[in-house]
Amino acid sequence: MSFLRIILAQNEQQYRAAQHFVAPYEQHCCSLMHKIIAGEGGLHVIAEQNRIRGVLFFSQGGTVLPCLPHRSKDLAVLLQQFFHEKIVACINGKADYVTFLNKLLTDTEEHELSDTRFYYLMEHEYSIHLNLVPPYTMTHCTAAHADALFPLHFSYLLEEVQSPLSDPNPVEERQVLKNILRSQYVVAVLKNGMPVSKAQTNAKGLQYVQIGGVYTERQSRRHGFAGMLVSDIADWAAQQHKKTVLFVNRYNTQALHSYQNAGFTAVDNYIISYFVVPKTSL
């Protein structure tokens, strides 16, 4: 008889317990840890009597961020019941966790996979410093850079992120970029004062920061800018006494080599899965 149950975290004690559980797995759960630290709603704890056996974040928009090191048939049944009649749009995380969730969701025939993308999770191990030469410079970006950065931000979404669920909205994404510039560490390479390449943190945990949003305009590629930017972020994180991770599409060999040259090493497999969402839910 299983004593597993899923509890919606609603108080500080439950958030602290979830944080303590996720901490040993933060390398591949940095985004989840960021949500826990921020106290965002949608955090669920999987408990067995008085022990935590897993944690997952489930947003109102249907995004799932899992930490499921203790997987079992009983947990699969419990999660099938939990997700019954719920809209799941995206699952993002360690390959083992996402594969487990994909199977239990599609087995019910209630959820249909739309797209699955495979990545390497990479961790920074050593720094390499390269100097830019004029007309190129590197800068830490603030809210004052929002308008200049927006073309890179939006192009990144269209080329690297765009899900099969919906197209990015320029008005909404301008506000997203402003929020990123307020809350995250963003750096860019400028050519004659205009951004041509950018990178940022997109999650800050207890022990790790996660890099995302790395993008270089097409005509400025193959100059090593991406590697310089992620290396700069890793150095900034080290000053905060934190390690740095990022994930890269396993088929993007150019980006993979760029990150390897910047001192990053592949440490795990990562998956982002998208599910078919009823049009009435969009």
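Values in this text are rule-based calculations from the coordinates and carry no lab data. In this text the structure is predicted, and so the values were computed from the model without any measurement. FYI the Cβ positions are ideal-geometry reconstructions off the backbone, even for glycines, and counts take in every protein chain you see.
Were the residues from VAL133 through ASN252 laid out at 0.36 nm apart, the gain over their Cα-Cα distance would be 40.1 nm. Out of PRO24, PRO135, PRO195, any idea which swings most in a Gaussian network model of the chain, alpha carbons joined below 10 Å? Maximum fluctuation in the GNM of the chain, among the listed residues, is at PRO135. Considering helices alone, the calculated mean residue ellipticity of the chain at 222 nm is -10000 deg cm²/dmol, with DSSP H runs of length four and up weighted by -39500 (n - 2.57) and normalised per residue. The string of couplings for segment 27-35 from the Karplus curve (6.51, -1.76, 1.60, θ = phi - 60°) is 3, 10, 10, 5, 4, 4, 4, 4, 5 Hz, one whole number per residue in order, with x for Gly and Pro. Secondary structure note: in segment 136-282, about 85% of the DSSP beta bridges are antiparallel. The alpha-carbon of LYS178 sits under 24 angstrom from the alpha-carbons of these lysines, leaving out residues fewer than 8 places away in its chain: LYS35, LYS191, LYS198, LYS204.
Based on the alpha-carbon gyration tensor of segment 108-179 and its eigenvalue square roots a ≥ b ≥ c, which shape applies: rounded if a/c is under 1.5, prolate if not and a/b is larger than b/c, or oblate? Oblate, since a/c reaches 1.5 and b/c is not below a/b. In sequence order, segment 86-99 has phi-based couplings of 9, 8, 9, 9, 7, 10, 9, x, 3, 4, 4, 5, 5, 4 Hz under the Karplus curve 6.51 cos²θ - 1.76 cosθ + 1.60, θ = phi - 60°, and Gly or Pro positions carry x. Just check the chain against the gyration tensor rule for me: Cα atoms, a ≥ b ≥ c as the square roots of the eigenvalues, rounded for a/c under 1.5, and otherwise prolate or oblate depending on whether a/b exceeds b/c. It is prolate, given that a/c is not under 1.5 and a/b is the larger ratio. Each label was represented as a point 7 Å from its Cα along the Cα-to-Cβ direction; for GLN239 and ASP268 these points are 2.8 nm apart. Along segment 146-158 the Karplus relation, 6.51 cos²θ - 1.76 cosθ + 1.60 evaluated at θ = phi - 60°, assigns HN-Hα couplings of 4, 5, 5, 7, 4, x, 5, 4, 6, 5, 4, 4, 5 Hz to successive residues, with x for each Gly and Pro.
Taking amide H positions as modeled 1.01 Å from N, with prolines and chain starts lacking one, the residues under 5 Å from ASP268 and 5 or more places away or on another chain are LEU121. Backbone amide hydrogens, once placed in the peptide plane, bring VAL277 within less than 5 Å of nothing, excluding anything fewer than 5 places away on its chain.
Among DSSP beta bridges lying fully in the chain, give the percent that are antiparallel, nearest 5. Can you show the working numbers first?
Numbers: 53 of 58 bridges.
Bridges in the chain that DSSP calls antiparallel: roughly 90 percent.
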